[in-house]
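K.L.:
Provided herewith is a single structure, encoded as structure tokens, for subsequent inquiry.
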Ligand code: 5GP
């Protein structure tokens, strides 16, 4: 794609696929004989989640939540509104939240509290990307794909104004 907004590539397609395979192997080991429900956070996590789930070798289900953060497009306020809730009841089940990116961590903190209140048996997080420099709250992220520097990134599900989700790599947005 000849687009000047697409900057340096931080994670190449083969690096993404290799890491997804490793994470899926780890999850398959950890959740053998469990009741695994993957919860994808719309829309960004859909791409990562569908690649991840196809590599998981234990029985599992998928469900989705859509949330909106009050605040600007590039800055999370931590005040989150649920646009679409789960279809499934997760009480007593082994829930794994699948996120595209953890930035300040405020969105995830809200989700962990909200889903934790529904009494799942276990509640863990699998995030493709994390920006440690930006973290405002300390959260238990059990599975992490890549740590990236404090840059706004696009691709592999991540958008800028709803575009670029289809890029097969993760790149810095040139502003
Ligand atoms: P947090 O609440 O952790 O600050 O923000 C999480 C959400 O902000 C992510 O799920 C994602 O939607 C958005 N976000 C944070 N950093 C980036 C980024 O670098 N690129 C894109 N496209 N979205 C981001």
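Bear in mind these aren't lab numbers, they're just calculated from the coordinates by the rules spelled out. No experiment lies behind these values; they were computed from the predicted model shown. Cβ sites come from the backbone with ideal geometry, for glycine too, and all protein chains shown count toward neighbours.
K.L.:
Relative to the longest principal Cα axis of the chain, at what angle does helix 106-116 sit, 0 to 90 degrees, rounded to 10?
P.N.:
Rounded to the nearest ten degrees, it is 10.
K.L.:
Return the percentage of antiparallel bridges among DSSP beta bridges fully within the chain, rounded to the nearest 5 %.
P.N.:
Of those bridges, close to 30 percent are antiparallel.
K.L.:
How do the peptides 6-14, 123-131, 80-88, 20-28 rank, highest first, by the average count of neighbouring beta carbon atoms within 10 Å per residue? Don't skip to the end; give the middle numbers.
P.N.:
Details: 6-14: 14.6, 123-131: 22.2, 80-88: 12.8, 20-28: 17.4.
Going by the mean number of other Cβ atoms within 10 Å, highest first, we get 123-131, 20-28, 6-14, 80-88.
K.L.:
I'd like the distance between the alpha-carbon centres of region 39-53 and region 144-174, rounded to an integer number of Å.
P.N.:
So the two Cα centres are separated by 14 Å.
K.L.:
Quick one: Debye curve from the C-alpha atoms of region 9-70, no solvent, what's log10 I(q)/I(0) at q = 0.16, 0.29 Å⁻¹?
P.N.:
For the requested q values the scattering log ratios are -0.58, -1.21.
K.L.:
Follow-up. Going by alpha carbons, how many degrees (0 to 90, nearest 10) lie between the helix axis of 13-30 and the longest principal axis of the chain?
P.N.:
Compared with the principal axis, the helix lies near 10 degrees.
K.L.:
Now, a different point. Just to confirm the number: angle between the C-alpha axis of helix 45-55 and the first principal axis of the chain, 0 to 90 degrees, nearest 10?
P.N.:
Rounded to the nearest ten degrees, it is 60.
K.L.:
Something else now. Can you figure out the FRET efficiency of residue 54 with residue 5, using R₀ = 22 Å and their beta-carbon distance, to the nearest 0.05?
P.N.:
Details: r = 30 Å, r/R0 = 1.34.
Efficiency, rounded to the nearest 0.05: 0.15.
K.L.:
Compute the distance in nm between two label points, each set 7 Å from the Cα along the Cα-to-Cβ direction, one at residue 142 and one at residue 30.
P.N.:
Going by the 7 Å Cα→Cβ label model, 0.5 nm.
K.L.:
Mind checking the log10 I(q)/I(0) for region 1-142 at q = 0.12 Å⁻¹? Debye, one equal scatterer per Cα, no solvent, two decimals.
P.N.:
-0.50
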